[in-house]
Amino acid sequence: MKSITITIDRVGGTIVKTEGFTGGTCKDVTKNLQKALGKTSTDINTNEMYEINNEQNNLNQY
Amino acid sequence: MSHVATVETVIMDLNALKKAAEECGLVMNFDQTTFKWYGAWVNDYHGNDAAYKHGIKPKDYGKCLHAISVPNKPGAYEIGVVARDDGGYLLLWDFFAGGYGLMDHVGKDCTKLLQSYSKHVVLNEIATNPDLIGYTPTIEYENENMIIKLTSYD
């Protein structure tokens, strides 16, 4: 399951969080959404990304 | 890969703003170039969201490109929609005396209107953005936050 959670606070700040994506697709999926909502000020990759990347790195060693 | 992004809301979609206004029981008046407010700058508000801190000169208070009004309430103040330098829009309003009924519709800090605007932007994206085909939205509230969750089982 893939999910995108958009939390809009009381003064118009928005947090966009993705979960369940593999590879580099999550930023592609939310790129236009974030642009439509406003100006992105920070964009941080989550641990999930690093876990997946590490798995991929490990696999690549074999 | 997953990520977390913070986004400062910038009004860019006037159609979504119109829908948000209507959802708040208001009317969007395109090309109305003045909006009702106290009528004179008395140098009495200096919060971070004060209009003059966002590039609007006090002499221009009350001027706008479009306005949002409370229907059937001629004494109510209005919201002015003015241009930002980046092509988006700012919302200006006077909360003195609750805007004589305006703030009842939009909430403190215009929260209801801004959240409704963002919701309509998201719904429009779901309808038009090919990357979001197959996602189902659910909306809930937690404290004063609106939470829109898009889920795909593909």
May I ask you to order A:8-15, B:76-83, B:96-103 by the average number of other C-beta atoms within 10 Å around their residues, highest value first? B:76-83, A:8-15, B:96-103
Mean shadow area (nm²) of the C-alpha convex hull around region B:45-154 is 9.4 nm²
In deg cm²/dmol, rounded to the nearest 500, the helical mean residue ellipticity at 222 nm of chain B, built from -39500 (n - 2.57) for every DSSP H run of length 4 or more, is -6500 deg cm²/dmol
Output field shielding_mean for B:99-112 (other chain Cβ, 10 Å radius) holds 1
Distance check, please: which entries in B:Lys18/B:Lys73; B:Lys19/B:Lys119; A:Lys39/B:Lys53; B:Lys73/B:Lys119; A:Lys2/A:Lys27 exceed 21 angstrom between their Cα atoms? B:Lys73/B:Lys119
If we count other beta carbons within 10 Å of each Cβ, what is the order of B:Cys24, A:Cys26, fewest first? B:Cys24, A:Cys26
Could you put B:Ser69, B:Ser152 in order, starting from the residue whose Cβ has the fewest other Cβ atoms within 10 Å? B:Ser152, B:Ser69
Any idea what Rg and Dmax come out to for region B:20-75 if you just take the C-alpha atoms, in Å? 12.8, 33
Per-residue Cβ counts within 10 Å, from other chains only, averaged over A:28-36: what number is that? 6
Inter-chain Cβ neighbour average for residues A:14-24, partner chain, 10 Å: 5
What distance in nm lies between label points placed 7 Å from Cα along the C-beta direction at A:Val11 and B:Ser152? 3.4 nm
Measure nothing fancy, just the Cα-based angle from helix B:14-23's long axis to the longest principal axis of chain B, in degrees from 0 to 90, nearest 10. 80 degrees
With angles folded into 0 to 90 degrees, how steeply does helix B:111-128 sit against the dominant principal axis of chain B? Use alpha carbons for both and round to 10. 40 degrees
Per 0.36 nm of contour for each residue apart, how much would the distance between B:Tyr141 and B:Glu22 grow if the chain were fully extended, relative to their Cα-Cα spacing? 40.8 nm
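All of the numbers you see were taken from the coordinates with simple rules; none came from a lab. As the structure is a prediction and not an experimental result, all values here were calculated from the model. Cβ coordinates were reconstructed from backbone atoms using ideal geometry, including for glycine residues, and neighbour counts include every protein chain displayed.
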